[in-house]
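Step one of this worksheet: look at the structure below.
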Amino acid sequence: MTRVSKRLGGMILVLLIVSFLTYVVLIAAPADPALMSCGRPCTPDRLADARAFMGYDEPLIAQYVSFLTGIFTGRTFGSTAAAVECAAPCLGYSFRLGAPVTELIADRAPVTFSLAIGAAVLWLVLGVAAGTISAVKRGTLLDRAAMTLSVAAVSAPAYLVGLIGLLIFGFTLDMVPVSGYVPLTESPIDWAWHLILPWLVLALISAAVYARLTRTQLLDVLGEDFVRTARAKGLREGVVLRRHGLRNTLVPIVTYFGLDLGSLLGGAVLTERVFSMPGLGSLLIDAFGNADLPVIIGITLFSTAMIVAANAAVDLLHGVLDPRVTHVQKGIFS
Amino acid sequence: MTETAPARIWPRLRADRWAVGGATVAALLIVAAAAAPLLTSTDPYTYDLDAVSGSGVPLGTGGGIGADHWLGVEPMTGRDLFAIVLHGARTSLLVGVGATLVAVLIGVAVGATAGFAGGWWDALASRTTDVVFGFPALIFMIALSAVAPPEIPRLLIVVLVVGFFGWPPIARVVRAQTITLRHRTFVVAAVALGARPHQVLWRHILPNLLPTVLVFGTMLIPSMIGAEAALSFLGVGVPPPTPSWGRTIGDAVSWVQLDPMYLLVPGTALFAATLSFNLLGDGLRDALDPKLRELRR
Amino acid sequence: MRARHAVAAAATVILGLTGCNANPTAPAEPSGFAKGGTLRILSSSTEFSLDPAKSQSLAITSSGLVLRRLTTWDISPGKPPAVVPDLATDTGRTTDGGKTWTFTLKDGLTFPDGSPITTRDIKYGVERSFAPELGGGLGYHKTLLDGGEAYKGPYTGASLASIVTPDDKTITFTLKTAYGDWPWIVSMPAFSPVPKASDDPANYGKNPVPSGPYRITSYTAGAEAVLERNPAWKQETDQVRTAGPDKIIFQLGQDTTVAAQRLVADSGDDKGAFGANFVPPAQLAQAQSNPSVKDRIVTSSPGALAYLVINTRRVTDVRVRQALAYASDKRAYLVASGGELGGSPASTLITPGIPGRVAYDLYPTTDPAGDVAKAKELLTAAGQTAPKLTLLTRSDGQWSSQAQALQQGFARAGITVEIRTEEYESWFEHVTSGERDDYDLTLTSWQPDFPSANGNIAPLFASTEIGGGGFNLSRYSAPEVDQLIAAATAEVDPARSGALWAQADKRILQDVPVVPLIYTRNSFLRGSSVENFYIGEYPTYPNYLKASLKQ
């Protein structure tokens, strides 16, 4: 129990630090969100009014404290009958979109989650399977072909593969929809149909990473003494693989998987852009283009929370987190 | 693996066909980037409005391929795509190498001190490494690009931001190896003879880290190139008119049906660069650690 | 004024209503205003708010479908824009030369609950637009109405004394000084009725009480807004809205490229759709090359002025500024803006389609690519043969490629231009706050918020508009011009004010604080069953109020 509470404490500390840094850095940005709420034509007096209403007239530390307390108690902007309510957990309020950031994230998260989880399942299955086959058949043509393909796949940026996929399967062959998202609740078939290409693109590249990881780990483990002993005892290769190989390989794979999935859940910026999917990544890019600081801060914090949570989950599973440095280009840029 | 000196890496590397191929392509890219002004008849900024139609579409086949423009032209401007791609290689390599240097500097500083000092510093440094390693780096890069003061050159910001999120893998390897080195006889002896910690670190540990750092640094270059391209693709990287593969790919998105060459040319360049550096990096790693090599083949 | 132009067009949800002006002259649309069907409007914007206080939308676009104002615009193809009565019986009466204005409401106007629309609802609507909580809308009235500067809205309990409602049908506005264009001002969103009892300031934009032919029946944040008929609206009281479709669906957050591709494909529901955003250059070129799609492109006549701003505080020698005018490569700029469909070369400040405009060109060149020799001559005369200038521009849309087009043009005359790009918001603050005067040039475009030459000139060149959010980006200050602006603003007679504005136009360009580049044209795509989808001489956006579906 103390271990769990220690982890929780650590998570909260990390989130606090990240939120503070994000807040300080972003609020110091050259853009002034109040200018957008000033209307046209804008006058200095009205600009000052807008700033005061949005809370940007306070000192920075006070703004940060209001932001933090807002997460637990909610916030109210303005003091008259026209005040804007942002219920707890309030991650800020987007005056541009007229909605609390928490609500915006909740609206967009299903898209990103559908994309991330579906792709993750695919790449895990594909990657581990390919890696295992490669390890078992090491040195054969199949192994070499798989490994060569996997270097090529990790070298290809996901968005480029996505665009070329769209060009071929979407525009030229007209086999899959070129954009958009249909909620699962509306039509499961359309949901999957719209997601199939993004899933494949994301999965293909990550699967390559996992195949390489699985293969290296497996060969490493199979070279260990206890496996040799098991073999010497006459256990069949399949049993050795199942009982010793895969189980020991699982640790680093789960570690990577947790981190990759965690970072993807915070927004698959590039994939969402390529396939015009209204997820968290698109929300972020949209906010970025409009200097919607509350949204940028909120999403950054949310994605950090996803990462930290994934980190903690993995950590709790394994005790010590010490994945070997394998290949560098991981799923972060997806 | 600590005994491996550069002199022993070299023959192993030469025996690796894929690595040699990667190194050749990477070297060609570097030469082409350096000699870009000599190889192109025009710079990547000059307009050629006669090469596009009144509505900006490249005239002729394959996006305007012809004697004047070997790989066609950019829609709307008629700028030479070959020149853009070659000069774009400069941007990519500059960011790739620059950001790697930043990452290596931070990574070695954090990893070596953590591994050498141990204790609370090690604990703190390792946790920080874990956290930064798993960070939604792209999201942070976008956020940071949004707030960087306009006075600082964008290219420098991109180098720093991309490099900053690249150091954790280096720090991990360096830390692990520093711990091994710390227990080696020559280090233990130096300490016993009364050498100060910073002397030990500087004279005995760092020189022995060099091969590892070189290898893992090389392996970092392709992902740094990829990160710059991703940022520019999203429109938050290197600003125009500085040529950048990622930005051209981003611009090509809406032209993909009408002028696919506009996407394929910079796309191929980006893929070739990442692949060649990846192959070279893999080969270097295997040469450094023969055990892995045996496993691979 | 439409300072944001390209972005604003994408970001502002524009709506309008259809009226009973049953004599359309829409070309090749012979079938009249058919009733029925579902119209889809594809927009890249993720925000959809019809709060009249926060709205910057044009009278003929989105908010006009739901909200009526005191006056509105009659926009028809081939005819100059006209201000016409909407809720009021006329376009305003003044007895003191434009300082006080009185309006009377039509008979038989009701809200959906059957209660009559009164002038008190209008007064309240205007008052709430002053609240800092409801900022962001068109606010010309805020500086014009007497006592407007100090007023902070009705939520603190105060009311604005310069708006008087002697009875339910009459409303009188008292201005600080005479203002001849007031009839246009009351066509803005803030002049629509808001019943005080229904005001829920934070959420009003999602469910405003309708006075026009449609009401919002469902809204999914960032994705979709559905408008259906408002039974309380009566066709006979409305001379501009034709209310064709039974239902109008706004599909939000649509990628402009994807939306254009869908409209090009023209399948299924998309047949009854049109795009609210400009068609991107690639899709425009694609659509033009396909005869069956070409018919469905609707391109405006030249409208908004795209211009190069010269910071007169930094580029002080008028000969250097003239050299910039001669060296501007308008041809490359035009191609970077989409070619022939992107606009036509500009030479005046008052834009085509604005009543009273006089065409002239102070710096004529035979080739739209500029007159490099002339520019070099002027630079030599000024003793600056190789000036180095900084051009600040926006990173979104086509701005950076347009900046590069100018950069290469100036290079021909030996002028070195360094381009600095900033995100829209940073750029906006940089150029309007007046605190950082570190740029020599910047690029922007401007279309008046209402079709009066006032809107072309005053916000851009009056010395009062320097800094503090004002849009005099050239930091141009000339007492003679300020006097001309003051005189023209106060003039109630359109002919006389028009002449004064035309005089100001030419006088300003003698000093070259800006170089007019092109009058932009905007292109939109519609599906094959959308009819009566057209763009008038002003503004360069389609008229939503009359669009209908083939039945």
For A:A99, list long-range residues whose amide hydrogen, built 1.01 Å from N in the peptide plane, is under 5 Å from its own amide hydrogen. A:S94
So for R0 = 56 Å, FRET eff. of C:S159-C:R314 from the Cβ-Cβ r, to 0.05, ends up at 0.75
Chain B: angle of helix B:167-182 to the longest principal axis, Cα-based, in degrees nearest 10: 20 degrees
Protection proxy (average C-beta count within 10 Å per residue), highest first, orders C:173-182, C:383-392 as C:173-182, C:383-392
For C:E491, enumerate residues with amide H under 5 Å from its amide H, sequence gap 5+ or separate chain, H modeled in the peptide plane. C:G180
Here, A:T148 and C:K152, labelled 7 Å along Cα→Cβ, have an inter-label distance in nm of 7.4 nm
Among A:P59, A:P110, A:P198, whose mean-square fluctuation peaks in a Gaussian network model of chain A (Cα, cutoff 10 Å)? A:P59
What FRET efficiency do you get for C:D295 and C:K506 if R0 is 56 Å and r is their Cβ-Cβ distance, rounded to the nearest 0.05? 0.90
To make sure I understand, if each residue's beta carbon is the centre and we count other beta carbons within 10 Å, what order do C:V320, B:V95, C:V298 fall in, fewest to most? C:V298, C:V320, B:V95
For A:K137, give me every one of the aspartates and glutamates with a C-alpha distance below 20 angstrom, ignoring sequence neighbours fewer than eight places off in its own chain. A:D220, A:E224, A:E237, B:D286, B:E294
Can you give the FRET efficiency for B:L210 and A:R236, using 1/(1 + (r/R0)^6), R0 = 45 Å, r = Cβ-Cβ distance, to the nearest 0.05? 0.45
Residues with amide H under 5 Å of C:T421's amide H, sequence separation 5 or more or different chain, H placed in the peptide plane at 1.01 Å from N; which? C:T393
To the nearest 20 Debye, how big is the dipole of the protein assembly as shown about its Cα centre, given +1 on the beta carbon of each Lys and Arg and -1 on that of each Asp and Glu? 3880 debye
Net charge near C:T89 (other residues with Cβ under 12 Å of its Cβ; Lys, Arg +1; Asp, Glu -1) is 0
Local net charge near C:N203, Cβ-Cβ under 13 Å (Lys/Arg +1, Asp/Glu -1): -4
Dipole-positive endmost among B:G98, B:L270, B:A192 within the stretch B:5-291 (Cβ charges, Cα centre): B:A192
Using +1 at the C-beta of Lys and Arg and -1 at the C-beta of Asp and Glu, which of C:L145, C:Y534, C:Y155 has the Cα lying farthest in the positive direction of the dipole of chain C? C:Y534
Give me B:I142, B:I9 ranked fewest to most by other Cβ atoms within 10 Å of their Cβ, as a rough exposure proxy. B:I9, B:I142
Computed over chain A: longest principal axis from alpha-carbon atoms vs helix A:141-155 long axis, angle to nearest 10 degrees, is 10 degrees
Taking neighbour counts of Cβ atoms within 10 Å as a proxy for exposure, in what order, fewest first, do A:S155, C:S267, C:S129 appear? C:S267, A:S155, C:S129
Charged-residue dipole, Cβ positions (Lys, Arg, Asp, Glu), the stretch A:1-86 about Cα centre, Debye nearest 20: 520 debye
The helix B:154-164 Cα axis meets the longest alpha-carbon principal axis of chain B at an angle in degrees, between 0 and 90 and rounded to 10, of 40 degrees
Starting from the Cα gyration tensor of chain A, take the square roots of the eigenvalues, sort them a ≥ b ≥ c, and report rounded, prolate or oblate (rounded when a/c is under 1.5, otherwise prolate if a/b is larger than b/c, else oblate). prolate
Three-way shape label, the protein assembly as shown, alpha-carbon gyration tensor, a/c 1.5: prolate
Bridge type composition, the protein assembly as shown - antiparallel percent by DSSP, nearest 5: 75 percent
Which ³J(HN,Hα) values, rounded to whole Hz and listed in residue order, are derived for the stretch A:78-93 from phi using the Karplus coefficients 6.51, -1.76 and 1.60 in 6.51 cos²θ - 1.76 cosθ + 1.60 with θ = phi - 60°, glycine and proline given as x? x, 10, 8, 5, 9, 4, 9, 9, 10, 6, 5, x, 8, 9, x, 10
In deg cm²/dmol and to the nearest 500, what is the mean residue ellipticity at 222 nm of chain C if only DSSP H runs of at least 4 residues count, each as -39500 (n - 2.57), divided by the residue total? -7000 deg cm²/dmol
Based solely on its DSSP helices, what 222 nm [θ] is calculated for chain A when runs of n ≥ 4 H residues each add -39,500 (n - 2.57) and the sum is averaged over all residues, nearest 500 deg cm²/dmol? -22000 deg cm²/dmol
In terms of the alpha carbon gyration tensor, root eigenvalues a ≥ b ≥ c, rounded if a/c is under 1.5 and otherwise prolate when a/b exceeds b/c or oblate, chain C is oblate
Check: chain C dipole with +1 on Lys, Arg Cβ and -1 on Asp, Glu Cβ, in debye: 560 debye
Relative contact order of chain C: what whole-number percent is it, with Cα pairs under 8 angstrom and at least 6 residues apart? 24 percent
Which links in C:K294/C:K550; C:K99/C:K196; C:K79/C:K106; C:K35/C:K169 stretch past 24 Å when you go from one Cα to the other? C:K99/C:K196; C:K79/C:K106; C:K35/C:K169
Reach of C:K388 by Cα under 12 Å, taken over aspartates and glutamates that are not fewer than 8 positions away in the same chain: C:E418, C:D440
Among B:H69, B:P211, B:S223, whose Cα projects farthest towards the positive end of the dipole of the stretch B:5-291, with charges put on the beta-carbon of Lys, Arg (+1) and Asp, Glu (-1)? B:P211
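No value in this document is a laboratory result; all are computed from the given coordinates. Being a predicted model, the structure only gives us computed values, none of them experimental. Backbone-built Cβ (ideal geometry, glycine too); neighbour counts: all protein chains shown.
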